[in-house]
1. Between a residue in region A:127-139 that is more than 16 Å from A:Gly151 (Cα to Cα) and any residue that is modelled with pLDDT under 80 and in a strand (DSSP E or B), which pairs come within a Cβ distance under 6 Å, given they are 6 or more apart or on different chains?
2. If you scan region B:123-149, which residues turn out to be small (Gly, Ala, Ser), more than 21 Å from the chain's Cα centre (by Cα) and under 15 Å from B:Pro170 (Cβ atoms)?
3. Failed condition for B:Thr26, given (1) within 30 Å of A:Thr120 (Cα to Cα); (2) assigned to a loop (DSSP other than H, G, I, E, B), with all others met?
4. Could you please find all residues in region B:130-139 being buried (at least 19 other Cβ atoms within 10 Å of the Cβ) and of a type in the set (A, V, I, L, M)?
5. Working only within region A:80-99, note down all residues that are within 28 Å of A:Gly164 (Cβ to Cβ) and not in a loop (DSSP other than H, G, I, E, B).
6. Of the numbered conditions (1) in a loop (DSSP other than H, G, I, E, B); (2) farther than 20 Å from A:Gly76 by Cα; (3) of a type in the set (A, V, I, L, M), A:Ile122 satisfies every one except a single condition; which is it?
7. Please work out which one of (1) more than 13 Å from chain A (Cβ to nearest Cβ); (2) closer than 20 Å to B:Ser31 by Cα is the condition B:Ile82 fails and give its number.
8. Surrounded by fewer than 17 Cβ atoms within 10 Å (Cβ to Cβ), within 30 Å of B:Leu66 (Cα to Cα) and more than 13 Å from every other protein chain (Cβ to nearest Cβ), is that true of B:Leu91?
Protein chains: 2
Amino acid sequence: MLGLEGKSVFQSPRGWVPIYADAEQTLAVMSIGFLLKNRDDPVIWRGPKKTAMIKLFLEDVYWDNLDYLIIDTPPGTSDEHISVMENIRSLPVLGAVLVTTPQAVAVGDVRREVTFCRKTGIRILGIIENMSGFVCPTCAECTNIFSKGGGEALAIHAKVPFLGCIPIDPQLTQALESGVSFIDSFEGSNVTETFKNIAAQITSS
Amino acid sequence: MLGLEGKSVFQSPRGWVPIYADAEQTLAVMSIGFLLKNRDDPVIWRGPKKTAMIKLFLEDVYWDNLDYLIIDTPPGTSDEHISVMENIRSLPVLGAVLVTTPQAVAVGDVRREVTFCRKTGIRILGIIENMSGFVCPTCAECTNIFSKGGGEALAIHAKVPFLGCIPIDPQLTQALESGVSFIDSFEGSNVTETFKNIAAQITSS
């Protein structure tokens, strides 16, 4: 999505050097993908190896000075989440942003993540509903492909902020496919405004 | 999706009794969801506990006589996949059905799953492309919400059968939300025919 496939990282005396996604070097990225020899290689790892890699990403990468460190986890409440939580526990963590899609099965997963955050003392910054409706580019009619409002209902139920809805936009998915910045390409569009609005809410939390 | 939320299983002398999704008792289901006291409870488990549960589901559930046992795994190639593979290794396994969505990031995951199956000797029955285009219910124009053809291209690349494309159909997602059988409700629809066609290819493999 950031156009970084095929890049590889190297080790400096200060640690692994992350890959910068932009020319201005404002977005440093680290991914297990950068460590694979071949893009078809599966990462056939049980939990302990994943835990060790998460520790390495946090401790042995030369992140330099960061304003924000964003950790993107898979869905669920398993090894990755437990390991991240254990490693960041002693740091001043801003909190967790939970992303759901509107369907009941997805909301169910995120509902359990809310309980996970509560149990482990991670503050929930809010919930985002992704893939929230589709605006037909031909007739401009908005269809709720999945059901609608599951994210907002969960936010109310859990008494946490609802940060916004991101609709399905074929232009957004195309930008992600080609590794192009959507916000730069579609300035002023509704979806860009939604992203900016969500970011503003998070950074002012 | 099967309308079984809130059901709980009990233990008989022959083992855990699965939940039947239909009155004719043709579809027996076992899920960790049935073992939770509260639907908000997260399953905060590292790999070894998940591995033990997979073994229990295979060995300690009274499945009775089955024509097919379908194991639905999360994406990736981690604990769940390794454990399932180790437990079914000695059995006459038909093979794996890989499901992708059309975007490059999803196809990348499934490409690594192809390598996983090759390395572990699991036959690949084929690849399905899910969320493959959206037919607007207002104007009937088909939009490729994500890119198109990723699943078929991967099947060709991996030299495995391409089983078909399942489009996004709001009627399908509504059926899944309410736990209603889509195939029974929309007999003769294109999507129903696609499901039947895919099932026929798998059962004749």
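1. Close Cβ pairs satisfying both conditions: A:Val135/A:Cys142.
2. Listed by number, the list holds a single entry, B:Ala140.
3. (1)
4. Kept after step one, since they are buried (at least 19 other Cβ atoms within 10 Å of the Cβ), are these residues of region B:130-139: B:131-132, B:134, B:136.
The one that is buried (at least 19 other Cβ atoms within 10 Å of the Cβ) and of a type in the set (A, V, I, L, M): B:Met131.
5. The answer is A:Glu80, A:His81, A:Val84, A:Met85, A:Ile88, A:Ala96, A:Val97, A:Leu98, A:Val99.
6. Going through (1) in a loop (DSSP other than H, G, I, E, B); (2) farther than 20 Å from A:Gly76 by Cα; (3) of a type in the set (A, V, I, L, M) one by one, A:Ile122 breaks only (2).
7. The single condition B:Ile82 does not satisfy is (1).
8. Against the criterion (surrounded by fewer than 17 Cβ atoms within 10 Å (Cβ to Cβ), within 30 Å of B:Leu66 (Cα to Cα) and more than 13 Å from every other protein chain (Cβ to nearest Cβ)), B:Leu91 qualifies.
The values are calculated or read from the model by the stated rules, or taken from the named source; none is laboratory data. In this text, all values refer to a predicted model and were calculated from it rather than measured experimentally. In this analysis, Cβ positions are derived from the backbone assuming ideal geometry, glycine residues included, and neighbour counts consider all displayed protein chains. Note: areas computed on protein heavy atoms with side chains; ligands, DNA, RNA excluded. Shrake-Rupley method; radii C 1.70, N 1.55, O 1.52, S 1.80 Å.
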